[in-house]
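The values are calculated or read from the model by the stated rules, or taken from the named source; none is laboratory data. All values reported here derive from a predicted model rather than from experimental measurement. Glycine also receives a Cβ, built like all others from the backbone with ideal geometry; neighbour counts cover every protein chain displayed. Protein only, heavy atoms only, side chains kept; ligands, DNA and RNA dropped before computing areas. Shrake-Rupley method; radii C 1.70, N 1.55, O 1.52, S 1.80 Å.
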Amino acid sequence: MDILRTKNEVKSALDILRKSQKTIGFVPTMGALHQGHLSLVKNAKLSSEVVIVSIFVNPTQFNNKEDFEKYPITLEEDLKLLEENGVDFVFLPSVSEMYPAETLLKMDFGDLDKTLEGAFRPGHFNGVGVVVSKLLNIVKPSKAYFGQKDLQQVAIIKRLVSDLSFDVEIITVPTVRENDGLAMSSRNIRLSKEDRLTATILYKCMLFAKDELLAGEDWFEIREKITKRFHDEPQARLEYFELVHTDTLIKLKGIKNQKKVSICTAAYIGEVRLIDNLEII
Ligand code: AMP
């Protein structure tokens with residue numbers, strides 16, 4: 001496994017492979033790797049001949065300074081896991097390599113970035129859009145792999161790729177969960193022992209809501225019950241719990257006559273903000 005730190009190193013390593021028609025699979029990450037990330041890597045290994053993973057904690061997508069400063073870094077373990085999983089290249093750029101100058105460009109994804117995460121984390125998807133564009137331009141992969149865990153991010157990246165004609169196929173990989181249902185996330189490391197138990201509330205509430213919806217219950221009544229459940233949990237603070245169209249993220253009032261529906265939620269568990277989503281139909 002080769003470690004590449006600059007754009008030029010990526011170019012030298014990959015140009016020759018592209019010339020010999022190898023398909024290049026790319027998995028962008030912010031590190032502190034877990035089985036969710038490794039599932040993306042395994043998918044990439046199955047459908048691409050060469051796999052490159054990037055680890056870059058992108059400062060411009062953090063709207064909260066403390067969240068950025070406390071973002072877990074476990075580089076040594078990450079590299080070991082990637083090597084064990086047969087990754088060919090790891091791209092580890094510095095902030096100055098990615099941002100040699102301030103980015104003046106601002107990305108606006110219309111309705112897609114005004115809702116859910118976009119509403120609670122102003123500027124987040126501008127940062128994501130810019131860094132993913134830069135990474136795609138540097139790596140020039142045939143396929144790039146993203147987790148369903150970040151449903152809104154997937155919708156935005158698909159739109160970015162289509163609007164700017166990036167020559168890459170975006171592959172979405174299902175969310176990997178712990179045994180008790182908590183979606184794997186790098187931020188889970190920051191949960192205290194008690195908060196780790198409390199954190200299952202997100203998945204439990206989505207499952208409850210799904211069952212109720214499919215049984216024909218009213219969405220707003222379901223949501224009231226969920227809000228109360230969060231209210232009764234002192235360490236949990238719900239930010240949103242929404243029923244949306246899976247692709248457009250337009251908020252829905254029910255599932256009747258709908259073909260693709262998901263629940264999206266975000267909540268603080270102690271000091272840690274977690275997000276999750278569940279497909280209903
Ligand atoms: P991150 O390092 O959190 O920026 O995530 C890098 C990629 O891994 C993104 O495409 C995420 O959606 C994906 N990812 C994170 N957690 C999971 C998970 N539990 N299951 C599947 N994919 C995930």
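List of remarks:
- On inspection, residue 12 passes the criterion of being farther than 23 Å from residue 160 by Cα and of a type in the set (Ser, Thr, Tyr).
- Any chance residue 166 is more than 10 Å from the ligand (Cβ to nearest atom) and either open to solvent by 10 Å² or more (accessible area, probe 1.4 Å) or modelled with pLDDT of 95 or more (or both): yes
- Any hit, the range 226-237, residues being away from the ligand (no atom under 16 Å from the Cβ), β-branched (Val, Ile, Thr) and open to solvent by 30 Å² or more (accessible area, probe 1.4 Å): yes
- Selection status of residue 134, within 16 Å of the ligand (Cβ to nearest atom), touching a strand residue (DSSP E or B) at 6+ places or on another chain (Cβ under 7 Å) and either open to solvent by 30 Å² or more (accessible area, probe 1.4 Å) or more than 30 Å from residue 21 (Cβ to Cβ) (or both): no
- Residue match in the range 31-38 (condition: in a loop (DSSP other than H, G, I, E, B), hydrophobic (A, V, I, L, M, F, W, C), closer than 28 Å to residue 179 by Cα and within 13 Å of the ligand (Cβ to nearest atom)): yes
- Subset of the range 238-278 that is open to solvent by 90 Å² or more (accessible area, probe 1.4 Å) and among the charged types (D, E, K, R) - its residue that is nearest to residue 215 (Cα to Cα): 256
- Residue in the range 197-212 that is within 16 Å of the ligand (Cβ to nearest atom), closer than 23 Å to residue 37 by Cβ, modelled with pLDDT of 95 or more and surrounded by fewer than 18 Cβ atoms within 10 Å (Cβ to Cβ) present: yes
- Residues of the range 43-97 satisfying the condition of being touching a residue at least 60 places away in the same chain (Cβ under 8 Å), assigned to a loop (DSSP other than H, G, I, E, B) and acidic (Asp, Glu): 88
- Answer from 52, 16 - the residue that is more than 9 Å from the ligand (Cβ to nearest atom), surrounded by fewer than 16 Cβ atoms within 10 Å (Cβ to Cβ) and at pLDDT 95 or above: 16
- Residues being on the phi > 0 side of the Ramachandran plot and of a type in the set (Gly, Ala, Ser) - total across the range 83-129: 3
- Residue match in the range 175-189 (condition: within 24 Å of the chain's Cα centre (by Cα) and away from the ligand (no atom under 16 Å from the Cβ)): no
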